Amino acid sequence: TQKLHIIGGGMAGSEAAWQAAQAGCPVVIHEMRPSVETFAHRTGNLAEMVCSNSFRSDDSEQNAVGLLHWEMRAAGGIIMATADRHRLPAGGALAVDRDPFSAAVTETLMNHPLIEVEYGEITELPNEGHWIIATGPLTSEGLGRAIQAETGTEALAFFDAIAPIVYADSINMDVAWMQSRYDKGETEEEQRAYLNCPMDKDDYEGFMDALLEADKAAFHEGETAGYFDGCLPIEVMAERGRETLRHGPMKPVGLTNSHKPQDKPYAVVQLRRDNALGTLYNIVGFQTKMKYGSQADVFRMIPGLEEARFARLGGIHRNTFINSPTLLDGQMRLRSRPNIRFAGQITGVEGYVESAAMGLLAGRMAAAEIAGRELLPPPPETALGALVTHITGGADAKTFQPMNVNFGLFPPVDGLKSGRRGRKDRYKAYTDRAKELWQGWLDAQEPVAAD
Ligand code: FAD
């Protein structure tokens with residue numbers, strides 16, 4: 001049998017290796033640590049958790065990441081099984097004893113008869129054989145350059161610049177209105193592509209004070225360098241002068257408030273559709289290093305967003321990721337070199353669990369291909385299916401930024417109340433539907449032995 005080669009033995013690479021090997025496919029993991037280090041990793045272990053020790057909510061009925069846990073457990077995932085064995089008390093969250101966890105993943109993979117680990121950095125894109133690139137947010141410089149040479153500079157980013165993302169049904173449309181600046185666009189849909197939130201002078205001044213006073217996160221040592229051009233954090237723009245935002249992303253020109261056409265807003269916050277389903281909107285130009293605890297309070301000061309729920313908060317981090325919607329096919333293969341798949345955070349998902357989930361899929365898809373079969377992606381109503389559908393097609397390629405799993409990525413369940421009140425029933429309906437479809441998708445495959 002042909003071997004599957006995986007570059008990077010992190011969250012995604014470890015899960016991909018396990019899934020492929022359990023399906024009977026021999027695997028070689030190429031891992032550069034410990035001889036080549038990153039600024040965030042501390043050990044030579046596979047699947048090292050570089051920062052927090054949390055896999056976030058473990059509630060598979062009411063939480064999208066909890067649902068992802070459930071689906072990965074059902075698929076016999078090594079990351080979940082090992083996390084469960086090294087669980088620490090943390091209420092409803094799944095917290096993990098990080099060093100024993102990564103040591104156990106390393107040992108289990110090394111002891112698998114079909115898995116070899118080769119230590120050393122890979123710096124070229126392979127021409128032949130079956131490969132998965134799972135080198136993560138801190139992909140080494142040499143390999144980053146090789147990927148960029150293949151994809152073009154526009155399609156590989158070294159920093160993310162994440163604007164907060166709001167659930168559409170939590171925006172107050174009695175205050176906000178739909179309009180593109182100067183009604184630009186060929187079609188009526190394009191002319192109404194933005195959601196606008198108006199501010200008067202008092203709103204604006206209060207918002208500036210809150211932005212300037214909010215707690216900001218610092219960069220990790222070694223994380224910065226040359227990111228600032230083109231994606232300044234909103235609070236850094238505010239620090240440059242109180243009028244800067246009013247002449248930048250919050251300029252009020254070319255817009256008429258349809259609720260109060262005679263009132264000229266002093267400033268306008270614009271939101272742009274973030275997914276094809278229209279369930280998510282991002283706040284345009286609002287990438288930020290404000291701490292998560294401050295962000296929701298500050299952004300809920302925006303008229304129309306008082307009750308906003310956030311699918312994800314903003315951030316700016318060192319993060320190598322590709323423009324998956326343009327570069328990858330539905331099988332997570334690089335369109336220009338289909339012998340190479342991508343998995344993990346480098347595909348534009350964010351977080352330990354999401355990264356491992358994309359490894360799970362890529363590993364299964366690659367093993368099926370090597371065995372002469374094609375594994376169809378899971379249904380978009382499942383958590384893994386929603387994520388992979390988002391990165392390989394659902395997301396807007398022009399504004400693509402890394403994404404956590406959240407219910408806004410799922411096709412809505414018909415006939416349920418929207419808004420805050422129906423939320424519990426709605427989430428339960430999403431997760432019930434997902435579990436059934438996920439189990440069906442698993443059952444239709446060749447069995448993968450559980451750990
Ligand atoms: P990694 O787990 O980073 O694995 C990639 C592997 O590839 C690494 O082992 C690396 O050594 C190896 N590699 C890189 N280049 C090469 C090469 N050329 N040849 C061979 N091997 C190579 N996520 C969270 O959920 N919670 C957090 O608190 C959190 N904090 C973070 C803090 C920082 C500073 C960073 C950078 C990221 C953080 N993340 C966090 C994101 C986290 O890194 C990812 O969610 C997760 O580790 C990504 O999994 P991955 O497998 O894609 O990448």
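The values are calculated or read from the model by the stated rules, or taken from the named source; none is laboratory data. Since the structure is predicted, the reported quantities are computational estimates derived from the model, not experimental observations. Note that each Cβ is placed from the backbone with ideal geometry, even for glycine, and that neighbours are counted across all protein chains shown.
Just a few scattered comments:
- Subset of the range 318-327 (residues that are touching a strand residue (DSSP E or B) at 6+ places or on another chain (Cβ under 6 Å) and within 14 Å of GLY344 (Cα to Cα)): ASN319, THR320, PHE321, ILE322
- Filtering the range 22-58 to residues that are farther than 26 Å from ASN406 by Cβ and touching a helix residue (DSSP H, G or I) at 6+ places or on another chain (Cβ under 8 Å) leaves ALA23, GLY24, CYS25, VAL27, ILE29, GLU31, THR43, ASN45, LEU46.
- Taken over the range 353-375, residues that are touching a strand residue (DSSP E or B) at 6+ places or on another chain (Cβ under 6 Å) and either more than 22 Å from ASN275 (Cα to Cα) or of a type in the set (Lys, Arg) (or both) amount to 3.
- Put simply, of LEU68, LEU46 the only residue that is assigned to a helix (DSSP H, G or I) and either within 14 Å of the ligand (Cβ to nearest atom) or surrounded by fewer than 17 Cβ atoms within 10 Å (Cβ to Cβ) (or both) is LEU68.
- Close pairs from the range 269-283: first under 13 Å from ALA163 (Cβ atoms), partner part of a loop (DSSP other than H, G, I, E, B) and at pLDDT below 90, Cβ under 6 Å, at least 6 apart: LEU280/ASP274; TYR281/ASP274; ASN282/ASP274
- In the range 349-360 there is no residue matching the filter, namely being more than 16 Å from the ligand (Cβ to nearest atom), modelled with pLDDT of 95 or more and not acidic (Asp, Glu).
- Residue check, THR224 of a type in the set (Ser, Thr, Tyr), under 25 Å from the mean Cα position of the chain (by Cα) and at pLDDT 90 or above: no
- Test: residue in the range 12-35 that is among the basic types (Lys, Arg), within 10 Å of the ligand (Cβ to nearest atom) and over 29 Å from PHE410 (Cα atoms): yes
- Flag if GLY254 is surrounded by fewer than 22 Cβ atoms within 10 Å (Cβ to Cβ), at positive phi and not hydrophobic (A, V, I, L, M, F, W, C): yes
- Number of residues in the range 185-221 that are outside any loop (DSSP other than H, G, I, E, B) and over 22 Å from ASP297 (Cα atoms): the value is 5.
- When the range 376-432 is filtered for residues that are part of a helix (DSSP H, G or I) and more than 22 Å from the chain's Cα centre (by Cα), the ones remaining, listed by number, are ARG423, LYS424, ASP425, ARG426, LYS428, ALA429, ASP432.
- Looking across the range 89-102, the residues that are surrounded by fewer than 18 Cβ atoms within 10 Å (Cβ to Cβ) and farther than 17 Å from VAL65 by Cβ come down to PRO89, ASP97, ASP99, PRO100.
- Condition check for ALA371: away from the ligand (no atom under 14 Å from the Cβ), of a type outside the set (S, T, N, Q), farther than 29 Å from VAL284 by Cα and buried (at least 24 other Cβ atoms within 10 Å of the Cβ): no
- Criterion applied to THR123, THR139, THR135 was being part of a loop (DSSP other than H, G, I, E, B), over 30 Å from ASN63 (Cβ atoms), within 11 Å of the ligand (Cβ to nearest atom) and at pLDDT 95 or above, and the one residue passing it is THR123.
- Leading residue by the ranking (farthest from THR320 (Cα to Cα)) among those in the range 152-175 that are small (Gly, Ala, Ser) and within 18 Å of the chain's Cα centre (by Cα): ALA163
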